[in-house]
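Down below is the structure, laid out as structure tokens.
The values are calculated or read from the model by the stated rules, or taken from the named source; none is laboratory data. Remember, predicted model here, so these are calculated numbers, not experimental data. Ideal geometry is used to build each Cβ from the backbone, glycine not excepted, and the neighbour counts take in all protein chains shown. Note: areas computed on protein heavy atoms with side chains; ligands, DNA, RNA excluded. Shrake-Rupley method; radii C 1.70, N 1.55, O 1.52, S 1.80 Å.
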Amino acid sequence: MTDTPLRETEHSGTGPGDITPDGCSVELYTRLPANGEPEIIAAAVPPGATLLELGAGAGRMTRRLLELGFQVTAVDESAPMLAHIRGARTVRSTIEGLALGERFAAVTLTSFLVNTADRALRTELLRTCARHVAPGGSVIVQCEGEWHATLEPGSAWERNGMRVRLAVREPAGDAAEEGAKRVTMEYAFEDAAWSQTFLSRHLTEGQLREALEEAGLVLDAWLTDDHTWLRAVPAAPGDPA
């Protein structure tokens, strides 16, 4: 494990417009609609709940969460990303450095952030979730499923007028924990194209449970049949966490 955060040394992006420290294109994210994620969240938490959205980006999911009646606080480290969010309270911060002194009925950690190849960062992301979720509340996590781990370089698909292509997926070597992969994704519209390179680590259910427990959380339920969405809750006194 390196002392410098992996996202600063191994993450990058290309294409027009602002690129965030983890390689995301602001313009690309302004073009992307939600893809059913808010409905998964809504089915797992109480209606109208206070919701802390970690890594909100340009509001791709925020807009729909607001429409569904949630009271959203959207967090992102990128000011250009947050500038596109309307109707929600916004907070500029890294996730791992967030300390609002508040608790929410629901906290979301989406976009496969839990699959960072930096184990220490993964723990800090989940600890942020744990310290901001209210007693009796829940943490909703999106994680890579088995099908993500089996995708081959060159795989491509269409979504909302955009062509997505997995350009590179290879072992990351000594740059991260064992099992980490260096991934490059390409995103192309008719008028513009972007790429993002990052390190990720596929986690088994056992590894996910261990990561949650290390942060003071326990797996409560899988929300989708493909095990890409889960609900975690604060560990009760006496739980292994």
- [ ] Would you mind working out the magnitude of the charge dipole of region 122-241 relative to its Cα centre, with +1 at each Lys and Arg C-beta and -1 at each Asp and Glu C-beta, to the nearest 20 Debye?
- [x] 280
Open item on the list: Using DSSP to call loops (not H, G, I, E or B), can you name the GluC sites (Glu not before Pro) in region 144-219 whose Cβ has at most 12 other Cβ atoms within 10 angstrom?
Closed with: Glu178, Glu190
- [ ] With +1 on each Lys and Arg Cβ and -1 on each Asp and Glu Cβ, and nothing else charged, work out how big the dipole of the chain is about its Cα centre, in Debye to the nearest 20.
- [x] 680
Task: Heavy-atom accessible area per residue - region 1-134, 1.4 Å, Å² - done: 41
TODO: Pop out the carbon and sulfur fraction of the accessible area of region 1-160 as a percent, whole number, probe 1.4 Å.
DONE: 51
- [ ] Please work out the average accessible area per residue across region 137-241, using the 1.4 Å probe convention, and give it in Å².
- [x] 50
